[in-house]
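Working notes, beginning with the structure itself.
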Amino acid sequence: MGDLVNRVSRIAGAVLGAAALTVGLAACGGDSLEQDKDKGTGSAGLPGGGKKGALVVGAAAFTEAKVLAELYAQTLRDAGYSVSITTVKNRELYEPSLEKGEIDVVPEYAATIAEFLNAKVNGPKAPEEKPVASGDVTATVEALRKLAEPRGLKVLAAGEAVDQNAFAVTKEFAEKNKLKTLSDLGAAKLKVKIAAGDECAVRPFCAPGLKKAYGIDVTGIDPKGVGTPQAKQAVKDGVDQLVLTTTTDATIDSYGLVFLDDDKKLQNADNVLPVVNAEDAGSPEIAAALDKITKVLTTADLAELNRKVDAERAKPEDVAKDYLTAKGLLKK
């Protein structure tokens with residue numbers, strides 16, 4: 001998972017690169033790491049009732065992390081474990097706690113955790129000078145496993161759901177210029193101004209990458225932030241042509257925007273996957289339970305779950321339960 005204050009700024013951090021790896025998560029309640037793991041309290045403080053032992057799922061303080069933690073926790077409870085969810089302040093606490101077994105399971109993002117471990121193992125400049133993540137999810141997960149396994153971590157399979165940088169234009173702009181991909185935008189030889197964070201001007205996953213990989217003529221950056229309402233409104237109003245947001249942004253449709261496909265895989269593969277403590281949670285049973293979610297969850301699903309929490313004020317545990325029930329993933 002990105003170790004930043006919220007989902008959008010997590011992706012801004014991916015744009016920022018290695019320098020963002022130390023940005024902390026805002027603590028948001030939850031149990032402390034010193035909790036007694038045998039308590040097995042559920043996310044609502046109710047007994048998990050598990051017979052197979054107690055597990056702690058780590059959650060960050062932003063919506064998507066809370067939803068993913070609930071999906072994992074409820075599925076593991078259904079498989080017979082008692083599970084509690086703990087919110088951890090920042091990655092520097094969170095990842096060592098996973099290694100120590102104070103936390104057993106964490107929903108992660110393949111490229112972000114791979115580069116975090118790359119920096120930890122090979123030095124802070126490694127993600128910039130010798131990155132291990134790429135747009136290829138298979139290669140990224142393989143590199144992640146090589147870094148994680150010596151540290152007592154087991155990396156489970158990655159799924160289709162991905163939370164990474166994404167670029168959107170208005171539906172009218174796309175239709176008028178026959179745009180479906182970023183390659184189409186480059187081939188159209190259109191001048192575009194990007195609504196994004198000001199760092200977009202220099203970061204390889206933003207303006208320089210769009211120019212180099214796609215030949216897109218970027219004329220400037222409108223520093224309205226990553227995926228903010230103001231940034232999307234600027235594109236809707238025609239002030240800017242392209243907005244930097246994330247693949248799980250569930251509000252772009254309400255602004256009349258559509259994503260352009262990153263067909264050359266400029267963005268790193270931040271596919272969602274579980275990372276577990278190999279000793280405490282490395283069993284095939286746990287992997288099988290979590291894999292049921294991984295195989296079903298799509299990027300669109302995750303965006304919709306985020307929308308229900310953020311826009312409808314639904315509780316993460318409720319949207320997770322409804323989703324798992326609808327997909328037939330809960331026995332009860």
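Quick one: net charge around residue 323, please, counting Lys, Arg +1 and Asp, Glu -1 for every other residue with C-beta under 10 Å from its C-beta. Taking every other residue near residue 323 into account, the sum is -2.
Put simply, when 135-144, 105-114, 77-86 are sorted by average Cβ atoms within 10 angstrom per residue, most first, you get 105-114, 77-86, 135-144. Here's the list of lysines a cross-link from residue 315 could span, going by alpha-carbon distance under 17 Å and ignoring same-chain residues fewer than 8 apart: 66.
For segment 144-200, a Kirkwood radius taken over Cα pairs fed into Stokes-Einstein (25 °C, viscosity 0.890 mPa s) yields D = 162 µm²/s.
Of the cross-linked pairs 154/295; 100/321; 130/211; 180/308, those separated by over 20 Å at the C-alpha level are 100/321; 130/211; 180/308.
A simple packing score, the average count of other Cβ atoms within 10 Å per residue, orders the peptides 296-309, 235-248 as 235-248, 296-309, with the highest score first. Heavy-atom surface analysis with a 1.4 Å probe gives segment 215-286 a carbon and sulfur content of 49 percent of its accessible area. What the Cβ-Cβ distance of residue 264 and residue 129 gives, at R0 = 30 Å and to the nearest 0.05, is a FRET efficiency of 0.85. Each label point was placed 7 Å from the Cα along the Cα-to-Cβ direction; for residue 160 and residue 325 their separation is 2.4 nm.
Once both labels are positioned 7 Å from their Cα atoms along Cα-to-Cβ, the gap between residue 287 and residue 171 label points is 4.4 nm.
Counting only Cα atoms, the size of segment 184-300 along its three principal axes is 53, 31, 25 Å, in decreasing order.
Segment residue 295..residue 178, full-extension length gain: 38.8 nm, with 0.36 nm per residue of separation and the alpha-carbon distance subtracted. Solvent exposure of segment 75-122 amounts to 25 Å² per residue of accessible area, where only protein heavy atoms count and the probe is 1.4 Å. Quick one: if the Förster radius is 35 Å, what FRET efficiency do residue 212 and residue 121 give, using the C-beta to C-beta distance and rounding to 0.05? After rounding, the FRET efficiency stands at 0.80. Distance from the Cα centroid of segment 135-193 to that of segment 226-286 is 8 Å (rounded to whole angstrom). Here the Kirkwood formula, the inverse mean of 1/r across different C-alpha pairs, assigns segment 149-246 a hydrodynamic radius of 14.4 Å.
Projected onto its three principal axes, the C-alpha set of segment 67-213 covers 55, 38, 28 Å, listed from the longest axis down. Accessible area per residue for segment 202-332, computed on protein heavy atoms with a 1.4 Å probe, is 46 Å². Note on residue 191 and residue 318: the model spin-label points, each 7 Å out from Cα along the C-beta direction, lie 5.0 nm apart. Translational diffusion coefficient of segment 192-245 (Stokes-Einstein, Kirkwood radius from Cα pairs, 25 °C, 0.890 mPa s): 231 µm²/s.
The values are calculated or read from the model by the stated rules, or taken from the named source; none is laboratory data. Fair warning: this is a prediction, and the values are worked out from it, not measured in the lab. Glycine also receives a Cβ, built like all others from the backbone with ideal geometry; neighbour counts cover every protein chain displayed. Remember, those area values only see protein heavy atoms, side chains included, never the ligands or the DNA or RNA. Shrake-Rupley method; radii C 1.70, N 1.55, O 1.52, S 1.80 Å.
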